[in-house]
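The values are calculated or read from the model by the stated rules, or taken from the named source; none is laboratory data. All of these numbers come straight from a predicted model, not from anything done at the bench. We place every Cβ from the backbone using ideal geometry, glycine too, and count neighbours over all the protein chains shown. Only protein heavy atoms, including side chains, enter the accessible area calculation; ligands, DNA and RNA are left aside. Shrake-Rupley method; radii C 1.70, N 1.55, O 1.52, S 1.80 Å.
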Amino acid sequence: MIEEQANDFLEARPWLSGICDSQSTEELKSKYDSWANTYDADIKEDWSFMPANIARTLSQLLPNKDATILDAGAGTGLVGEALAQQGYTNLTAADLSEKMLAIAKDRQVYKALHQCNLEDSQIFSNSVTFDAIIAAGVFAYAHAGVEVLNNLFGLLKEEGIFLLTIREDYRREMQTALEQLPWTLVSEEGFPIYEEAKLMYLMAFKKKE
């Protein structure tokens, strides 16, 4: 019965196993480029609640609507749109996929958009830092790990807010790295996702002075 449920689960979401089986950054980029036009519709049932939750959580922790915010792994801009609806105006998008970013650009909520690999330590010049960094759907199998976490942390201002989503199973793999950085966990919520088959955490950290 459990195996049948698992098969039904994946058959209803062929994109989920496809992107999480990627063997390289280029393969992942290609898959997201191909997925861009149907991405919003495909994830709507499982993920539509999360951008609003992210924006609401950030507004509680960072009330300054002019704060500089990096939407890392912005995709089609769903989180950016939710942030704009909360009144945030200084948004920067970064993503691996040009075609996903093209859709994000059409939302007209970002001041700047960067096509890049988040594993690159030189995404921005050394002088660029942000009041908040959002990484929604970024820390996942075949996506981003410790290297990306450390790169993004380096772009965060002192006392800045780092808000990420992470699935329960992948969180266990990232736990040591999450605990080693000089920041404080200031908010944590768990949400059942994918028909309650998994638990997704929304975690917010504040960088120490």
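Once you've got the GNM for the chain with C-alpha springs shorter than 10 Å, pick whichever of Asn126, Asn90, Asn117 has the biggest mean-square fluctuation.
Asn126
Loop only per DSSP, at most 15 neighbouring Cβ atoms within 10 Å: give me the trypsin sites (Lys or Arg not before Pro) in the stretch 148-209, ordered by residue number. Present the calculation step by step, with values, prior to reporting the outcome.
Details: sites: Lys157, Arg167, Arg171, Arg172, Lys198, Lys206, Lys207, Lys208; in loops: Lys208.
Filter output for the stretch 148-209: Lys208.
Non-local amide H neighbours of Leu113 (under 5 Å, H modeled in plane, Pro and chain starts lacking H): which ones?
Correct list: Ala93.
Leaving ligands, DNA and RNA out of it, work out the accessible area of Leu181 with a 1.4 Å probe and give it in Å² to the nearest 10.
30 Å²
Where a ≥ b ≥ c are the square roots of the eigenvalues of the C-alpha gyration tensor, would you call the stretch 153-209 rounded, which needs a/c under 1.5, or, failing that, prolate if a/b is larger than b/c, or oblate?
Prolate is the answer for the stretch 153-209, as a/c is 1.5 or above and a/b outweighs b/c.
Skipping prolines and chain starts, which residues have an amide H placed within reach, meaning under 5 Å, of the one on Leu156, given they are 5 or more residues away or on another chain?
Phe130
State the label only: which of [x] 16.3, 55; [y] 18.5, 66; [z] 23.2, 78 corresponds to Rg and Dmax of the Cα atoms in Å computed from the shown model?
[x]
Give the long-range amide H neighbours of Arg167: residues separated by 5 or more places, or on another chain, with amide H under 5 Å away, using H modelled in the peptide plane at 1.01 Å from N.
It is Tyr201, by chain and number.
Give the angle, between 0 and 90 degrees and rounded to the nearest 10, that separates the Cα long axis of helix 49-61 from the longest principal axis of the Cα atoms of the chain.
20 degrees
Using only Cα atoms, tell me the angle between helix 2-12 and the longest principal axis of the chain; keep it within 0 to 90° and round to the nearest 10.
Helix 2-12 sits at roughly 70 degrees to that axis.
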